[in-house]
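The values are calculated or read from the model by the stated rules, or taken from the named source; none is laboratory data. In this text, all values refer to a predicted model and were calculated from it rather than measured experimentally. Here the Cβ positions follow ideal geometry from the backbone for every residue, glycine too, while neighbour counts run over all protein chains shown.
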Amino acid sequence: MLTRALAVSGLIVATFTASSAYAQTAEPCGREVEVEPGDTLSSIASRCAVSEGLILRANPRIDGSADLRVGQSVSLTGRMDTLKSMATSAGEGLSQAADNVGSQVKSSVEGFLSDNPQLQSNIRDLGTRLGLSEGQQPAEVSLDPASPSPGATVTVSATGLPKDQAVIIGGGSPRAAFAQLDEARTTPEGTLQAAIKLPADLPADDYQISVRSEDGSWKVEAPAFAVTR
């Protein structure tokens with residue numbers, strides 16, 4: 001009787017293990033998925049049977065569909081859930097503490113500089129010598145022509161970017177995955193100008209060109225334009 005019970009127990013365990021293994025291999029996309037042209041968070045979530053929230057939590061550098069890069073591998077493991085939650089809670093606490101301390105420090109510093117105008121002037125002069133500005137202009141990207149045709153060459157101009165930094169020029173449908181069109185580098189003044197040849201088969205009715213950092217930490221987008229065919 002004991003032998004038979006052990007045999008039945010072993011069968012149950014084996015069946016459960018096999019079922020679990022099947023459930024893992026039956027997942028549509030596995031642990032990660034490659035971004036395809038025109039993809040959005042919604043389309044990936046639907047294709048891979050996961051939530052958009054899981055994609056965002058598992059990929060901290062992705063804030064929206066426009067951060068998706070064609071050919072990029074997107075994690076679907078969700079391992080960052082707990083860590084990100086802890087970091088968010090800790091960040092909120094630190095932010096509140098910093099606000100309280102910062103307001104006191106700011107008041108003291110402003111009062112000190114107000115009482116010492118010569119020191120304030122010296123600090124401004126030092127900033128000028130170091131290449132710092134009192135207030136950097138907002139980043140902007142423009143196209144010439146503003147509404148180019150598929151396959152045409154367009155001049156991408158940008159101002160207010162981080163200085164002397166490698167960047168990626170990308171293009172794609174607004175609020176969807178972008179494809180890399182070229183690589184460039186900003187000038188010591190934080191500007192950029194590059195001639196880009198557009199693909200002959202633009203993927204949608206509306207197209208948008210962006211300039212972004214290589215690590216995806218920032219991006220600036222030109223106004224979207226209607227594709228004429």
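Among the residues of region 45-75, which ones are small (Gly, Ala, Ser) and either farther than 21 Å from Leu181 by Cα or assigned to a strand (DSSP E or B) (or both)?
Here is the first cut: in region 45-75, the ones small (Gly, Ala, Ser) are 45-46, 49, 51, 53, 58, 64-66, 71, 73, 75.
Correct list: Ala45, Ser46, Ala49, Ser51, Gly53, Ala58, Ser73, Ser75.
If you go through region 37-51 one residue at a time, how many are under 17 Å from the mean Cα position of the chain (by Cα) and at pLDDT 95 or above?
5
For every residue, the table says whether it meets (1) part of a loop (DSSP other than H, G, I, E, B); (2) at pLDDT 95 or above; (3) closer than 30 Å to Gly190 by Cβ.
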site: Asp99; (1), (2), (3): no, no, yes
site: Ser107; (1), (2), (3): no, no, no
site: Gly127; (1), (2), (3): no, no, yes
site: Gly135; (1), (2), (3): yes, no, yes
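Give me the strands (runs of 3 or more DSSP E) completely within region 144-225, filtered to those with at least 1 residues that are surrounded by fewer than 16 Cβ atoms within 10 Å (Cβ to Cβ), ordered by residue number.
Hits in region 144-225: 153-159, 166-172, 179-185, 192-197, 206-213.
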